[in-house]
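Since the structure comes first, as structure tokens, the remarks are kept for the end.
The values are calculated or read from the model by the stated rules, or taken from the named source; none is laboratory data. The structure displayed is predicted, hence computed values, not measured ones. For neighbour counting, all protein chains shown are included, and Cβ atoms are generated from backbone atoms with ideal geometry for every residue, glycine included. Please note that ligands, DNA and RNA were not included when accessible areas were found on the heavy atoms of the full protein model with its side chains. Shrake-Rupley method; radii C 1.70, N 1.55, O 1.52, S 1.80 Å.
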Amino acid sequence: MAYMDSTKKAALAPAIKAALKKFGLKGSISVRHYSTLVVTITSGEIDFISNFADCARAANRECGVETAVRDKHIQVNPYWLETSFSDRALEALEAIKAAMSKGNHDRSDIQTDYFDVGWHISINIGKWDKPYVVTG
């Protein structure tokens, strides 16, 4: 059963903060429902919104692009980073995901409807009520 608490978050926080700092990003780390580690990127030098829109249009996928561009907010799917982002944006998100997943396990077996993960991860670019700000 997925479980995340403030003690585990505190142990992972230095590596996550280092990854954010390396790419010139600011964000917050939180725990949702004792099962999910959440990183919300609030501002930074990388224009994630334009990068996401460019990658989607290049792959002829318009799903979610209009909303992301209008609201300056993306709930990132951590399983599809390489098809949703490119270049420096992809590199930053992969580094953050790796820092968030250190020590995690996934012994799930979809065939038998058995799911076993240490904790879930969620990465947000901006929030629904506070858009992502490009600083550079």
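Which ones in the stretch 95-105 are in a loop (DSSP other than H, G, I, E, B) and without any contact (Cβ under 8 Å) to a residue 40 or more places away in the chain? So that I can check it myself, show each step before the final result.
Residues of the stretch 95-105 in a loop (DSSP other than H, G, I, E, B): 102-105.
N104, H105, listed by residue number.
G118 is checked against (1) touching a residue at least 40 places away in the same chain (Cβ under 8 Å); (2) closer than 25 Å to E45 by Cβ and fails just one. What number does that condition carry?
G118 satisfies every listed condition except (2).
Sort out which residues of the stretch 1-10 are in contact (Cβ under 8 Å) with a residue 40 or more places away in the chain, open to solvent by less than 80 Å² (accessible area, probe 1.4 Å) and among the aliphatic types (A, V, I, L, M), and write them in order of number.
A2, M4
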